[in-house]
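Peer 1: Have a look at the structure that comes next, please.
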Amino acid sequence: MTVFIIRRLSQSLLVLFLTSIIVFAGIYAIGNPIDILIAGDATPAEREQAIRALGLDRSLIEQYGTFVWNALHGDLGRSFVFNQPSIDLIFNRMPATLELAFVALALSLILGIPLGLWAGLKPGTALDETVMTGSILGFSLPNFWQGMMLIMIFSVWLGWLPSTGRGEVGSVLGIHTSLATWSGLTHLILPAVNLALFNISLVIRLTRSGVRETMPLDFVKFARAKGLSERRIVSVHVLKNILIPIVTVVGVEFGSLVAFAIVTETIFAWPGMGKLLIDSIMRLDRPVVVAYLLVVVTLFIVINFVVDLLYSLLDPRIRLGSAS
Amino acid sequence: MSNPTLVVENLQTHFPTEKGIVKAVDGVSFEVGRGEVLGLVGESGSGKSITGFSILGLVDPPGKVVGGRILFQGRDLVGLPPHEMRKLRGHKIAMIFQDPMMTLNPVLSIGTQMVETVLAHENVSVKEARARARDTLGMVGIPSPEERLSAYPHQFSGGMRQRVAIAIALLHRPDLIIADEPTTALDVTIQSQILAQIQALSRDLGMALVWISHDLGVVAGLAHRIAVMYAGRVVESGPTDHVLDYPVHPYTIGLLQSVAANAPRGAPLRAIPGMAPSPLNRPSGCAFRTRCSFATPICENEPPLDDAGSMAWRCFHPQARRVA
């Protein structure tokens, strides 16, 4: 296990290093931020001074070297626009995005697994067809369009839910969350559903195919022969077997939820990291973009690690090695 | 037999398919009493496994028992409501499956799979259930049963897994055990150990045992009585010695002649010509007539059930000659 963790850590560091090079070079290629940052009527001297102050007069290699040196000392640079440490900007916005992603993840599991089980246990019935058709829609309709439709139906026509912003944020056990207040909750519903729709469909399909593959297996029949109730067979014997692929996919998807909540955050004006990224790219705020991408890569690495740990928890064949 | 544990009368289990009705079991009758072992013998596709599953009410849809009676301790199991049937399964009637690598759930510990079986039928504490599981594992010859309870199936060899499956079947000291070729997948040495153990257990515990097998050698050493199945029917039944030494039905004779051990060394093995008929397209009358060297035009009629003493058969040309 120790060897595994050490190997994992060194791999992760390598990935982070490579990502930082790619991101740094990429953002350098996009354009010179100085044209956006300084006022149009600035004198050449002011312009020159700003370039020097931001370190943009040095070569790419030099700039990268400085960045790495500072990063190793825990400093990912200051935002050109806000003149704040970029990592602080990201961490300020992160809770809103994490909250959105967690609620979306919870929704996709809470709705996806039972619907998938239901459809998988009664293949070919009207119910199965309905759930499957719904999941195709969830898969194939573009996310931004789904978001606009949600706003149109629930905010504009029905007037049930607010369409923009985060609402009031309360505090539960020291954690600031929208879930603590009614206003926060109502603001959260539409963006969370929008973000979750794709994943609900994915979980439904994974669960359904897992059930259909597992139900005909001998151990299910043997469980029946033991006189177990159908409820126990499905909720313990079948579910524990199909959770392994579900955990894999959902784990990876959670990273995507956090990283690519951008569309949803833009539609619903949700003050999260995604919106910060878009704004920063528009303003060529290099330090924030670089820091954001490194944070997201770290997040993916952590999630993959957690998924691996969950595997061994779910599957004794991984936990205990092969037959003794 | 004054009060047989199980009486199967004219059992019919059919599978409606797009191409027609597959009559997997089409008029099977036999009975088995306390402490008695019945060998149900036949080729693959003769309907012997489906007969076993019919008794437990575990025929996979769209298959269905469409006729006949299954009297277990005088009570007809055909048409019994599912919850009543569930109470009997694993409690009064247990089943052991063919492939021990497939019958245990790979992600649940042996202890969990045994304890749940106890709790499905008896209102005892988990601790008591665990103690019972441990004792039963010891009874089937698993060393250090206490530790093995927390092990997982992949940590056992095939033979050990089959012992675990047998222990699960024995947890409630059932009155009837259906064993569906439980030793076919095992090494010969393990096979004989398990056979000896099952024989002793069924005698000591006074259980009725239906042993389904295609292997006449195994059945010869174990069963008190043999019922030979062909194309969904019992074509001959009687005491083991009688059936093996003086078979009446030409199919039984063919089956015995194709056992390698019965042929003189060097002499060509005598295989039954032709193939078992497709269950969708069985010959009318006696289903064996197309492969039978004794067949005459009369065989196109349904052969009636004849008997002499303890032997019974369905054939217009009974043979009764010694095979060796």
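Peer 1: Against the conditions (1) in contact with a His (Cβ under 6 Å, 6 or more places away or on another chain); (2) assigned by TED's automatic domain parsing to the domain that holds B:Ser202, where does B:His121 fall short? Just the number, please.
Peer 2: Evaluating B:His121 over (1) in contact with a His (Cβ under 6 Å, 6 or more places away or on another chain); (2) assigned by TED's automatic domain parsing to the domain that holds B:Ser202 leaves (2) as the failure.
Peer 1: For B:Glu128, indicate whether it is free of Cβ contacts under 8 Å to residues at least 12 places away in the same chain and within 14 Å of chain A (Cβ to nearest Cβ). Step through it out loud before you land on a result.
Peer 2: Numbers: free of Cβ contacts under 8 Å to residues at least 12 places away in the same chain: yes; within 14 Å of chain A (Cβ to nearest Cβ): no.
Against the criterion (free of Cβ contacts under 8 Å to residues at least 12 places away in the same chain and within 14 Å of chain A (Cβ to nearest Cβ)), B:Glu128 does not qualify.
Peer 1: Another one. Which of the numbered conditions does B:Ile168 fail, given that it passes all the others? Conditions: (1) over 14 Å from the mean Cα position of the chain (by Cα); (2) at pLDDT below 90.
Peer 2: Here B:Ile168 meets the rest and fails (2).
Peer 1: Right, something else. Out of all the residues in region A:278-296, is one or more part of a helix (DSSP H, G or I), free of Cβ contacts under 8 Å to residues at least 12 places away in the same chain and within 14 Å of chain B (Cβ to nearest Cβ)?
Peer 2: No, every residue in region A:278-296 fails to be part of a helix (DSSP H, G or I), free of Cβ contacts under 8 Å to residues at least 12 places away in the same chain and within 14 Å of chain B (Cβ to nearest Cβ).
Peer 1: Which of the residues that make up region A:258-300 are of a type in the set (Lys, Arg) and under 25 Å from A:Met148 (Cβ atoms)?
Peer 2: A:Lys275
Peer 1: Looking at (1) charged (D, E, K, R); (2) touching a residue at least 40 places away in the same chain (Cβ under 8 Å); (3) surrounded by 16 or more Cβ atoms within 10 Å (Cβ to Cβ), which one does B:Asp245 not meet, given that it meets all the others?
Peer 2: Going through the list (1) charged (D, E, K, R); (2) touching a residue at least 40 places away in the same chain (Cβ under 8 Å); (3) surrounded by 16 or more Cβ atoms within 10 Å (Cβ to Cβ), B:Asp245 breaks only (3).
Peer 1: Would you check which residues across region B:113-135 are surrounded by 15 or more Cβ atoms within 10 Å (Cβ to Cβ) and under 15 Å from B:Gly90 (Cβ atoms) and list them?
Peer 2: Answer for region B:113-135, where residues must be surrounded by 15 or more Cβ atoms within 10 Å (Cβ to Cβ) and under 15 Å from B:Gly90 (Cβ atoms): B:Gln113, B:Met114, B:Val115, B:Glu116, B:Thr117, B:Val118, B:Leu119, B:Ala120, B:His121, B:Ala129, B:Arg132, B:Ala133.
Peer 1: Quickly run through region B:87-112 and pick out the residues that are within 8 Å of chain A (Cβ to nearest Cβ), crowded, with 21+ Cβ neighbours inside 10 Å and outside any loop (DSSP other than H, G, I, E, B).
Peer 2: B:Leu88, B:Arg89, B:Ala94, B:Met95, B:Thr103
Peer 1: Among the listed residues A:Val203, A:Val238, A:Val220, identify the single one that is buried (at least 22 other Cβ atoms within 10 Å of the Cβ), under 28 Å from B:Ile168 (Cβ atoms) and β-branched (Val, Ile, Thr). Walk me through it before giving the result.
Peer 2: Values: A:Val203 fails: under 28 Å from B:Ile168 (Cβ atoms); A:Val220 fails: buried (at least 22 other Cβ atoms within 10 Å of the Cβ).
It is A:Val238.
Peer 1: Would you tally the residues in region B:274-303 being closer than 20 Å to B:Gly47 by Cα and either out of contact with any Cys (no Cβ under 9 Å at 6 or more places or on another chain) or of a type in the set (S, T, N, Q) (or both)?
Peer 2: So the count comes out to 13.
Peer 1: To continue, here is another question. In region A:83-102, what residues are closer than 14 Å to A:Leu299 by Cα and not β-branched (Val, Ile, Thr)?
Peer 2: Residues satisfying the conditions are A:Phe91, A:Met94, A:Pro95, A:Leu98, A:Ala101, A:Phe102.
Peer 1: While we're on this one: Checking the condition assigned by TED's automatic domain parsing to the domain that holds B:Phe30 and either more than 23 Å from B:Phe53 (Cα to Cα) or at pLDDT 90 or above (or both), which residue from B:Gln155, B:Gln197, B:Gln113 passes?
Peer 2: Details: B:Gln155 fails: assigned by TED's automatic domain parsing to the domain that holds B:Phe30; B:Gln113 fails: assigned by TED's automatic domain parsing to the domain that holds B:Phe30.
Among B:Gln155, B:Gln197, B:Gln113, only B:Gln197 is assigned by TED's automatic domain parsing to the domain that holds B:Phe30 and either more than 23 Å from B:Phe53 (Cα to Cα) or at pLDDT 90 or above (or both).
Peer 1: Considering A:Ser86, A:Ser108, A:Ser135, which residue is closer than 22 Å to A:Leu257 by Cα and in contact with a Pro (Cβ under 6 Å, 6 or more places away or on another chain)? Let's see the steps before the verdict.
Peer 2: On the way: A:Ser108 fails: in contact with a Pro (Cβ under 6 Å, 6 or more places away or on another chain); A:Ser135 fails: in contact with a Pro (Cβ under 6 Å, 6 or more places away or on another chain).
Unique residue meeting the criteria: A:Ser86.
Peer 1: Of the residues in region B:29-42, how many are in contact with a helix residue (DSSP H, G or I) (Cβ under 8 Å, 6 or more places away or on another chain) and either in a helix (DSSP H, G or I) or farther than 14 Å from B:Ile178 by Cβ (or both)?
Peer 2: Here the count works out to 3.
Peer 1: Residue pairs, Cβ under 6 Å, 6 or more apart or interchain, first in region B:183-208 and in contact (Cβ under 8 Å) with a residue 24 or more places away in the chain, second β-branched (Val, Ile, Thr) and in a strand (DSSP E or B). List them.
Peer 2: B:Met207/B:Ile177; B:Ala208/B:Val32
Peer 1: Is there a residue in region A:214-229 that is within 30 Å of A:Leu89 (Cα to Cα) and in a helix (DSSP H, G or I)? Step through it out loud before you land on a result.
Peer 2: Applying the first criterion (within 30 Å of A:Leu89 (Cα to Cα)) to region A:214-229 yields none.
No, the conditions are met nowhere in region A:214-229.
The values are calculated or read from the model by the stated rules, or taken from the named source; none is laboratory data. Fair warning: this is a prediction, and the values are worked out from it, not measured in the lab. Don't worry about glycine lacking a Cβ; one is built from the backbone with ideal geometry, like all the others, and counts go over all protein chains shown.
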